Amino acid sequence: MKLYIKSAQLQPRSGFVVYNSTGEEKYFVPVEHSVLGMKLDVNNALGKRVSKIRQHGFSFNKTYNISAGDRKFKLILKVQEDNVSAFIKGYAIAIVGDILKKEFSLINENKAVIMTHKDNFKNYYELDILQDELELLSICVSLCIETLLLDDEKTGQNDGNKAFFAKYILNNKKILGPIRETFSANVNKLDRLKKAGTKNKN
């Protein structure tokens, strides 16, 4: 089964629309913000809520409490030096790939692919869901990752700067890397000076 999430930056209304392979709207997901975090409700074409997502957490660590149909689990997103890592608590499902590029897959404990997510370069993100019974779970995980990066991009647009997460990661590559190298070089230099001083005393 293939589904498509239209980039929220191109939506005329606040939220996400999920389309089927024939271009029909299958789910609409309004997004609400509050001081406590973010709220998303996944509604089917009849307007019935079939899943809900509640997000909270700090900038670098965000937790999403998800009810996808009858499945309840947590998704944790952590910003690292050169990527965003994701973990699911409640099911033996791993998320592998490059989340920043939105090119990732869900795999089960037997390493079978549940869903692949990719940018099809037409302002849509393609979800190729291989296990139909995990459709809502796959959609919810994809939406969480989309909201993480989208919220960041909108914040960046409002203050005229680059997206916060992207800037943080780029700075880590350009700044923290050299800092670590300089620190290591200084430690090695100090060790050499100490050894030299010990030899001179002897």
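The values are calculated or read from the model by the stated rules, or taken from the named source; none is laboratory data. Predicted model, so just to flag it, every value in this text is computed and none were measured. All Cβ positions, glycine included, derive from the backbone under ideal geometry; neighbour counts span all protein chains shown. Heavy atoms of the whole protein, side chains included, go into the accessibility calculation; ligands, DNA and RNA do not. Shrake-Rupley method; radii C 1.70, N 1.55, O 1.52, S 1.80 Å.
Quick notes on this structure:
- Flag for residue 31 being open to solvent by less than 60 Å² (accessible area, probe 1.4 Å), at pLDDT 90 or above and hydrophobic (A, V, I, L, M, F, W, C): no
- Cβ separations smaller than 9 Å between residues 6+ apart or across chains give the following pairs from region 54-75 residues that are open to solvent by 30 Å² or more (accessible area, probe 1.4 Å) and at pLDDT below 90 to residues that are part of a strand (DSSP E or B) and hydroxyl-bearing (Ser, Thr, Tyr): 56/63; 56/64; 57/63; 57/64; 69/51.
- Test: residue in region 89-107 that is modelled with pLDDT under 90 and in contact with a Cys (Cβ under 8 Å, 6 or more places away or on another chain): no
- Odd one out for residue 78, checked against (1) in contact (Cβ under 8 Å) with a residue 24 or more places away in the chain; (2) not in a loop (DSSP other than H, G, I, E, B): (1)
- Number of positions in region 90-119 that are touching a residue at least 24 places away in the same chain (Cβ under 8 Å) and open to solvent by 40 Å² or more (accessible area, probe 1.4 Å): 2
- Filtered residue count, region 76-88, keeping only those that are modelled with pLDDT under 80 and surrounded by 14 or more Cβ atoms within 10 Å (Cβ to Cβ): 3
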